[in-house]
């Protein structure tokens, strides 16, 4: 079982820490802080901490319930393998690069003599 956290700066920018995907891909149950970007990406495959005591309750529930722990572990791994592998990132990065190349934000760099 993995207890995770996200830095305030990352959370404010909607960034999800890579450890989330690594933990889930390994089939480890994850309990971490809740924020919209992460919830949208992984749904209910994670034990979310929203209030004091949530981490304790989530960990205790998973430790005492083998079936639920297995379900969450398998669901988290499936979500990552279906939507969040490095192959998925390459495809989405390629799409972003194609879009930005059609609308460059700045001129290409000049070659210095």
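The values are calculated or read from the model by the stated rules, or taken from the named source; none is laboratory data. Computed from a predicted structure; not experimentally measured. In this analysis, Cβ positions are derived from the backbone assuming ideal geometry, glycine residues included, and neighbour counts consider all displayed protein chains.
Quick notes
- Sole residue being surrounded by fewer than 17 Cβ atoms within 10 Å (Cβ to Cβ) and at pLDDT 95 or above, chosen from 60, 40: 60
- Residue in the stretch 17-26 that is modelled with pLDDT under 90 and either over 13 Å from the mean Cα position of the chain (by Cα) or surrounded by fewer than 13 Cβ atoms within 10 Å (Cβ to Cβ) (or both) present: yes
- Taken over the stretch 1-53, the residue count meeting the criterion of being assigned to a strand (DSSP E or B) and touching a residue at least 24 places away in the same chain (Cβ under 8 Å) is 7.
- Checked against (1) over 18 Å from residue 79 (Cβ atoms); (2) touching a strand residue (DSSP E or B) at 6+ places or on another chain (Cβ under 7 Å), residue 31 passes all but a single condition, namely (1).
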